[in-house]
Amino acid sequence: MRAVTSWFDHVPDRDGYKSVVWSLAFDPEGKQLIAAVGNRVLVYDPADGDLLHSLKGHKDSVYCVAYAANGKRFASGGADKTIIIWKNNAEGILKYTHNDPVQCLAYNPTSHQLASCTNTDFGLWSPEQKSVPKHKVPSRVLCCSWTNDGHFLALGLFNGTITIRDKNGGEKVVIERTAPIWSLSWNPSREEPFSVLSVCCWDQTLSFYQVNGIQVGKDKELNYDPCSVGYFSNGEYLCIGGSDRKVTLWTKEGVKLTTVGTLNDWVWSIAPRPKCNYVAVGCNDGKIYMYQLMFSTVHGLYQDRYAYRDFMTDVIIQHLMTEEKVRIKCRDYVKKIAVYRDRLAVQLPDRICIYELTHEDAEDMHYRVKQRIHKQLDCNLLVVTSLHIILCQERKLQLYNFQGARVREWVLDSVIRYIKVVGGPEGKEGLLVGLRSGLVLKIYIDNPFPIPLIQHNLSIRCLDLSMTRKYLAVVDENSNCVAYDLASKDQMFSEPNANSVAWNSELEDMLCFSGNGLLSIKTGGFPVSVQKLQGFVVGFKGSRIFCLHFVTMQTKEVPQSASLYRYIEVKDFERAYKIACLGVTDSDWKYLAMEALSNFNLEIARKAFLRVRDLRYIDLLDEVEKKRKKPLSNEQLLTAEIYAFQGRYQDAAKLYVQAGAVEKAIDMFSSLRQWSEARRIANASQTINVNELLQRQASWLEEIQDYRGAGHIHITVGNFDKGVSLLGRNGYTSDLVDVARKLPKTEVKTLTACAEFFRKNKQFLHAKEVYVKLGEPRNLIKLYVEFDKWDDAFMLLKSSPEGAEDVYLPYARWLVLQDRFDEAQNAFDRAGHPEESLRMLEQLSANAVIENRFGDAAYYYFLLSEECAKMIKNDLSEGHAEDIRYFQQMRRARDRSELYYAYNMVYKYTEEPFTSLLPESLFNICRFILVKIDKEREVPYGISKVYVLFALAKQAKNLGAFKMARWAYEKLNLLKIPQHWIDQIDLANVTIRSKPFTDKEELLHVCYRCSTTNALLNGNKVNDMCSNCYHPFVRSYCSFEHLPVVEFLPNEDISDEEAEKLIRMDPPLVKGPKQEVVQPGGGSNVLALDEDDEEEDMGEDAFNKQLLALVTGDRYTPLRIDRETLRSLDRNDVFMLKPVSEHLPCRFYRTMIPDVPIVQCHRCNCLFHEEDYEFIVLQKRKCPFCRVALDPTTLQPSTNE
C-alpha cells in the first residue's frame, strides 16, 4: 500500500489570525470539504482542491466544524462563543451562543440534533426547539462523537474523563483516563456486533471501548501525543495524526499498518473522505493535504491454490477447483505472500511466517504454522519452496532456509521483472526468472549458476513453461505473447495484445493469454480462438482458466470444442481425444466418436462412446469388429450399417443399393417408417411387391394409432371393410363420407357399416344418404327415431306400416322425457305396450305424492285406473286371473285418485293462509277422507291424518257439530301433533267440552232411498252410508255434499245396452187433464180427458213403489228394476256411469229431487251440483277431477283439444 498526495493548499494568515487548521469535515457524499482555519470557514472541492467559499461569520478563531447527516447544512464554532448554522450553499441561516469558547461540534447521524461543547458545558440543539438545553461538565470538552445509531454521545474532557451521554444529555457511563482526551470517534460501520469507541489520549495511547465502558483489548502505544482520529466510512480502517507530524493508517483492531504521510508540523485534524480511499489532513502550519491511498494487491498462486491479503492483516487461501476458502488472521500488516504446494509464506513487518498443510490431501485447506523467521527483510518479490524462501531485490536473489539463515545469493545482470517456481525435487526446485534485459533464466536453488534459456529482444513481463518443459511463453513490455521451442530456441509464434500468459497444465501444446478484455486460446498450429474476459490470466488447468480481476480470483470454464473440431477435421483423432479429455460437452464426445467410427478408428471411437456411456454404439463396434475379421467382409455394407446407425439414412441407402442389398435399404426405411423412401426404392428396383409394402405401412400406422392413414391405405389396396372399420371406429367422418359416396350400391355390407358409424357419430344426414342409397326404409325409420325426427318417421310409416312399433314405442318414451305424459300414454297404447303406460303413470303418481302435489297425484291415479280398465279383456264373470288383477288395481287406483283429490283441498287449507272453500265443504271433505282411510289397511303415503282431523274438528265446531268435533279432538290426542298446534288443540279440547254433546240437526244426512235420518258418527267411525239400508252416500265432487240420488240396477236378464235404450226411450203418456196418451195397437192415437186426478198411470210411480217395497237386510243390496220401470223413467233423471272397458258393468243412478240439478262428467263419471260445476268450468275450462277440457257453454268436451 502507498499514499499519493492528490492536492494540498497552504492557507495564508488573514486579519491578524494565524492560519491553523483546527478542524476538517466532509459532507456525507464526500462532495464538499469544510475547514476551520483562522477566523474563517473554508469550503473546498475535494476532487481538485479548488476553494469554493471563504466564509467570514465569526469574530475570532474558528475551532470546529461539522456536517449534518442529510448533507443540507453544516455548523461552525469558535473562540467567539458562537455557533453558526450554514446551508450547503454557504448561506448562514442561524446563530446561537455559549458562555465560553466552543471547542467541538458533532451532528447526530440519524437526526438534525447538533452537540456543541465548550469549556464548562455542552448544548444539544435541534431545529424544532426554540432554546438550546445545556448541560454542565467538570472540565473542558476537547472532543465529541455520536454512535452510528445516534443514541449515545461520547465526550472527551481535558481532565482525562470520557463521559457517555444519551441523546437527551443524561450521563450513562464514565471512563477515567490519566491524561487529556484530545480526540475520540465511534466506528461508523453498522455491521459490527456492537459500537466501538476509539480514544486518543495524551498519555500517548490508543484504546477502544464499548458503550458500557468495557475496554476492548489493550492500550496501543503511540509514542506521541495524538490530536485527531478518524474512521473510513466502512469502519475497517482509521487514521491518526498528532505531535509526531505524521498520519498513520491503523486497522479497526488497533494494528498499525503504514504511514500515510510525513508533514512539517503537528497534525490537528484528520477527515477520511466518505466512500473513497482519500483522507484530508490539516496541520498547525495552515496546510491542508489530500492523500489518496493506493491499496495494492498482495497475493500468490500455485496451480489451484490462490492466497491473497484481506483487510491488510488477514490472508485468505482459496482452492480454485472446489471454491473453498480459509482465513488466517495474522493481526499485523501483511506485506508479501507466497504459496507453493503445501507451503504458505507470509511476510509481516518484523517477521516471515511459514505455514504448511495439516494433511497430504490435495483438497485439504487446514494450515498450521511451521516456522517463524524473526527478521526484518526487505524485498520486491517473495517466493517459497519446500524448504526455503527466496527474496528478490532488484538484481539480487537471496535464498534463506526456514531457520532464517541465508543459504545462497545470486546477483544477475539486470533487474528481475518476473520470477516463478516451476517445481522440482524437494530442496532442488527450479526457478524461472525473467529480466528487464529480455533474458530468461532457469535457476535451480541448489546450483549457484543460472542457466540461460532464451534471449528476448524486449523486457519480460510474464513467463510460463509448458507441461513437459519443452516450450516457453513470454509476454514482453510491448504486450506481445511469444512462444519458443526450448530445444531449438526457435520462435514458434507471436500474438499481440497480451498482458499475461499461461500454458495448460494438462496439455502440452495449448496455452492462453489475456489482454484488452479478451481471452485468446492457442492450440498447436491452429489459429487463435478469442472470447471476452476481464482481468489477467494466471493459470490454465484442463478446461478451467484462473483469472485475476482486481483483487478477485475467478475460475472460468472455457469450451474446448473449437480445438476438438480442428483436430477432427485433419483426422488427428489421438490429439482430438486428448482435447476432449480436458472437458467438452457430451455432444462433442459423441461427434468425436462418430467421426472416429466413420474412419474406422475403432479404439478412439470405443473410448469416446464409453465416455458418454452409449452402449448401443459399443455393441455396434463389437459387431463391426467381428465382421471385419471375416474374410469376405464388405466395406460398403459395414459403412452403410454405420451410416444407418448414425442416422445418415440416405447415404446408407445409396451404399446398400450399390452393394446390391436393396432389401436391406427397404427394410431400413420400413423400420424407420419412411414409407415414401421405401416405395421409391421398391419402384426403382421393380422386384418388390408394392402392395405388400403398403400392407406393412398400414399395419404400422395402426400400431401408432394413425387410423386415418391406415384406413386410406386399406381402401387403396381394395380392403374396403378394414378401411371403413378403421375410419368409422375412430371418428374420421369426413373421410368416411367420401368413401361411402364412391362405393357402388353392390357393396351393401360396407355401406351398411358406413351408415352405422354415421349413426354412432350423430351424423344424421350422412347416414340418411347411405340408407336412401341402399333403399332400406326399415333402417331409415330407425334412423329417424334415433334422431327424434318424428314427423319424417310418421310420414315414412304410412308407406311401411309394419314398423309402427318401432316408431310409437320410442316416440312414447321420448314424450315422457319431454314431460308430455298424456301424449306418451296414447303413444304407448298405439305401440301396443300399455304396460309401459302403467309403469309411467305409477311413477308419476308416486313422484307427485312425494312432492306434495296431491292434485297431480289424483289426476295420475285417475289415468292409471283408466289404463287398468283398458287392460281388462274379458268379463269378470269368466274368472280370468289377469283380468281380476287389473280390476283390483283399477279399483285401488280410482280410490287413491278420489282420496288424493279430496286431500289436496285439506292440505292447501292447512298449509296456506287463505282458502276459498266453504266450511260445509271442508267439513264434508274431511268426513269423506276419513271414510276412505278407514277402508284402507294403512294410511296412504303423503296423507296426514292429523291434518284431516284438525280441519274436521275446527269446521265441525264452527258448524255446531260438537259431538263430531269432540270425537276429532280425541282422535288428535292419540296422534303426534306438530309443535305449533299443541297449545291450540289443548285449548280447543277444553272449550269443546263446554258445548252440548250433540250435532246440529241440519248437518245430519237423510237417506234418499229409505228416508232415514243418519247421525254423523256410527259408533266410533264416521258414517258415510245409511244406517238402515246401507245405501252409500253419493257426493258432489265440488262441495262433497250428499247428492239426492239412488243407485239401481236392471234385472239380470237386461243388458246394459238394452237398459240404455229403454231409458232413452220416451216414457209412456200418463192420464191427466187434456194429456195425450199414446196407446199401442190399432195404429191410431186416441185423445182422452182425465177427469179423475186421482187415477194415474202406475208406470210413473213404479220406481218409487219398488223402492218402498224393497226389504232391507243386514247389507246393502241395489234396487233392481224391470223393463217397464226402466222405460217409465225420465232420461234426464237417470245417470249412467259407463266404464272405460266394455267388459265392466255400468252403474245407474236416479235423482230423487229433480229440482236439484245434477251434472255428470262422462269421462270420470263423477257427479256434481250443476251450479258448482259450471262455476269451476268457467274458471278452469276443464273438469276439476279428470281435467278433461270442457266448453263452458255446453259443459261438453271441447272440440279444440
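The values are calculated or read from the model by the stated rules, or taken from the named source; none is laboratory data. Note that the structure is predicted; figures quoted are calculated from it, not measured. Neighbour counts are summed over all protein chains in view; Cβ atoms, including those assigned to glycine, are modelled from backbone coordinates with ideal geometry. All accessible areas refer to the heavy atoms of the entire protein, side chains included, with ligands and DNA or RNA removed. Shrake-Rupley method; radii C 1.70, N 1.55, O 1.52, S 1.80 Å.
Just one of (1) open to solvent by 70 Å² or more (accessible area, probe 1.4 Å); (2) in a strand (DSSP E or B) trips up PHE546, so point out which.
All conditions pass for PHE546, except number (1).
So which residues in the stretch 591-614 are farther than 18 Å from GLU574 by Cβ and either of a type in the set (Asp, Glu) or touching a helix residue (DSSP H, G or I) at 6+ places or on another chain (Cβ under 8 Å) (or both)? Give the steps one after another, and end with the answer.
Residues of the stretch 591-614 that are farther than 18 Å from GLU574 by Cβ, as a first pass: 612-614.
Residues satisfying the conditions are VAL612, ASP614.
Run TRP967 past the list (1) assigned to a loop (DSSP other than H, G, I, E, B); (2) at pLDDT 85 or above; (3) not basic (Lys, Arg) and report the number of the one that doesn't hold.
All conditions pass for TRP967, except number (1).
Taking LEU815, is it under 30 Å from PRO940 (Cβ atoms) and in the same structural domain as LYS742 (by the TED database)?
On the way: under 30 Å from PRO940 (Cβ atoms): yes; in the same structural domain as LYS742 (by the TED database): yes.
Yes, satisfied.
With the condition kept exactly as written, say whether any residue in the stretch 993-1012 is out of contact with any Lys or Arg (no Cβ under 9 Å at 6 or more places or on another chain), crowded, with 17+ Cβ neighbours inside 10 Å, part of a strand (DSSP E or B) and not hydrophobic (A, V, I, L, M, F, W, C).
Within the stretch 993-1012, one or more residues are out of contact with any Lys or Arg (no Cβ under 9 Å at 6 or more places or on another chain), crowded, with 17+ Cβ neighbours inside 10 Å, part of a strand (DSSP E or B) and not hydrophobic (A, V, I, L, M, F, W, C).
Looking only at the stretch 275-305, how many residues end up being within 30 Å of ARG341 (Cα to Cα), of a type outside the set (D, E, K, R) and in a loop (DSSP other than H, G, I, E, B)?
First, pick out the residues of the stretch 275-305 that are within 30 Å of ARG341 (Cα to Cα): 295-305.
Within this subset, residues satisfying the condition of being of a type outside the set (D, E, K, R) are 295-303.
If we keep only those that are in a loop (DSSP other than H, G, I, E, B) too, we end up with 295-298, 303.
Residues meeting the conditions: 5.
Sort out which residues of the stretch 422-435 are under 19 Å from TYR484 (Cα atoms) and modelled with pLDDT under 90, and write them in order of number.
Selection gives VAL422 alone.
Which of the strands (runs of 3 or more DSSP E) contained wholly in the stretch 414-506 include at least 2 residues that are farther than 26 Å from HIS299 by Cα? First the steps, then the outcome.
On the way: elements: 416-421, 430-435, 439-444, 451-455, 460-465, 471-476, 481-485, 490-495, 500-503.
Of the strands (runs of 3 or more DSSP E) lying wholly inside the stretch 414-506, those with at least 2 residues that are farther than 26 Å from HIS299 by Cα span 451-455, 481-485, 490-495.
Suppose we filter the stretch 237-254 for residues that are surrounded by fewer than 17 Cβ atoms within 10 Å (Cβ to Cβ) and either under 60 Å from the mean Cα position of the chain (by Cα) or under 24 Å from LYS172 (Cβ atoms) (or both); how many remain? Break it down stepwise before answering.
In the first step, residues of the stretch 237-254 are kept if they are surrounded by fewer than 17 Cβ atoms within 10 Å (Cβ to Cβ); the result is 246, 253.
With the extra rule that they be either under 60 Å from the mean Cα position of the chain (by Cα) or under 24 Å from LYS172 (Cβ atoms) (or both), the set shrinks to 253.
The number of residues fulfilling the criteria is 1.
Return yes or no: is VAL1177 under 29 Å from ALA857 (Cα atoms), open to solvent by less than 80 Å² (accessible area, probe 1.4 Å) and not in a loop (DSSP other than H, G, I, E, B)? Before the answer, list the steps.
Details: under 29 Å from ALA857 (Cα atoms): yes; open to solvent by less than 80 Å² (accessible area, probe 1.4 Å): yes; not in a loop (DSSP other than H, G, I, E, B): yes.
Spelling it out, VAL1177 is indeed under 29 Å from ALA857 (Cα atoms), open to solvent by less than 80 Å² (accessible area, probe 1.4 Å) and not in a loop (DSSP other than H, G, I, E, B).
Can you pull out the residues in the stretch 1018-1046 that are open to solvent by 20 Å² or more (accessible area, probe 1.4 Å) and in a strand (DSSP E or B)?
Of all residues in the stretch 1018-1046, those open to solvent by 20 Å² or more (accessible area, probe 1.4 Å) come to 1018-1021, 1024-1025, 1027-1028, 1030, 1032, 1034, 1037, 1041-1042.
Of everything in the stretch 1018-1046, those that are open to solvent by 20 Å² or more (accessible area, probe 1.4 Å) and in a strand (DSSP E or B) turn out to be ASN1018, LYS1021, MET1025, PRO1032, HIS1042.
Considering every residue within the stretch 49-71, establish whether at least one is buried (at least 17 other Cβ atoms within 10 Å of the Cβ) and at positive phi.
no
Out of ASN108, ASN89, ASN99, ASN119, which single residue is touching a residue at least 12 places away in the same chain (Cβ under 8 Å) and within 59 Å of the chain's Cα centre (by Cα)?
Working: ASN89 fails: touching a residue at least 12 places away in the same chain (Cβ under 8 Å); ASN99 fails: within 59 Å of the chain's Cα centre (by Cα); ASN119 fails: within 59 Å of the chain's Cα centre (by Cα).
The conditions single out ASN108.
Suppose we filter LYS522, LYS532 for residues that are buried (at least 16 other Cβ atoms within 10 Å of the Cβ), within 52 Å of the chain's Cα centre (by Cα) and among the basic types (Lys, Arg); which single one remains? Spell out how you get there, then give the answer.
On the way: LYS532 fails: buried (at least 16 other Cβ atoms within 10 Å of the Cβ).
The match here is LYS522.
Got a number for residues in the stretch 150-182 being loosely packed, with under 14 Cβ neighbours inside 10 Å and among the charged types (D, E, K, R)?
Residues in the stretch 150-182 being loosely packed, with under 14 Cβ neighbours inside 10 Å and among the charged types (D, E, K, R): 3 in total.
Please work out which residue is surrounded by the most Cβ atoms within 10 Å (Cβ to Cβ), limiting yourself to the stretch 848-883 and to residues that are part of a loop (DSSP other than H, G, I, E, B) and touching a Phe, Trp or Tyr at 6+ places or on another chain (Cβ under 6 Å). Talk me through it step by step, then tell me what you get.
Taking the stretch 848-883 as the starting set, the residues that turn out to be part of a loop (DSSP other than H, G, I, E, B) are 851-853, 871-875, 879-880.
Those left that are additionally touching a Phe, Trp or Tyr at 6+ places or on another chain (Cβ under 6 Å): 871-872.
Details: MET871: 20, ILE872: 23.
Among those that are part of a loop (DSSP other than H, G, I, E, B) and touching a Phe, Trp or Tyr at 6+ places or on another chain (Cβ under 6 Å), it is ILE872.
Looking at the structure I just gave you, is THR1112 closer than 22 Å to PHE1033 by Cβ and touching a Cys at 6+ places or on another chain (Cβ under 7 Å)? Break it down stepwise before answering.
Numbers: closer than 22 Å to PHE1033 by Cβ: yes; touching a Cys at 6+ places or on another chain (Cβ under 7 Å): yes.
The answer is yes for THR1112.
Of the conditions (1) farther than 12 Å from TYR900 by Cβ; (2) among the polar types (S, T, N, Q); (3) open to solvent by less than 40 Å² (accessible area, probe 1.4 Å), GLN843 satisfies every one except a single condition; which number is it?
(3)
Show the residue pairs that are 6+ apart or on different chains and have beta-carbon atoms under 9 Å apart, the first residue being within the stretch 296-313 and of a type in the set (Phe, Trp, Tyr), the second being in a loop (DSSP other than H, G, I, E, B).
TYR302/ARG341; TYR306/LEU320; TYR308/THR297; TYR308/VAL298; TYR308/VAL551; PHE311/GLU236; PHE311/LYS252
Working only within the stretch 884-918, note down all residues that are part of a helix (DSSP H, G or I), over 15 Å from VAL948 (Cβ atoms) and open to solvent by 10 Å² or more (accessible area, probe 1.4 Å). Walk me through how you get there before you give the answer.
Of the residues in the stretch 884-918, the ones part of a helix (DSSP H, G or I) are 884-911.
Now restrict to residues that are over 15 Å from VAL948 (Cβ atoms): 884-897.
Across the stretch 884-918, the qualifying residues are ILE884, ARG885, TYR886, PHE887, GLN888, GLN889, MET890, ARG891, ARG892, ARG894, ASP895, ARG896.
Identify the single condition in (1) modelled with pLDDT under 90; (2) farther than 22 Å from GLY235 by Cβ that VAL339 does not satisfy, given that it satisfies every other one.
Among (1) modelled with pLDDT under 90; (2) farther than 22 Å from GLY235 by Cβ, VAL339 violates only (1).
Within the group PRO1184, PRO1157, PRO1197, which residue is open to solvent by 30 Å² or more (accessible area, probe 1.4 Å) and at pLDDT 90 or above?
Numbers: PRO1184 fails: open to solvent by 30 Å² or more (accessible area, probe 1.4 Å); PRO1197 fails: at pLDDT 90 or above.
That would be PRO1157, the only listed residue that is open to solvent by 30 Å² or more (accessible area, probe 1.4 Å) and at pLDDT 90 or above.
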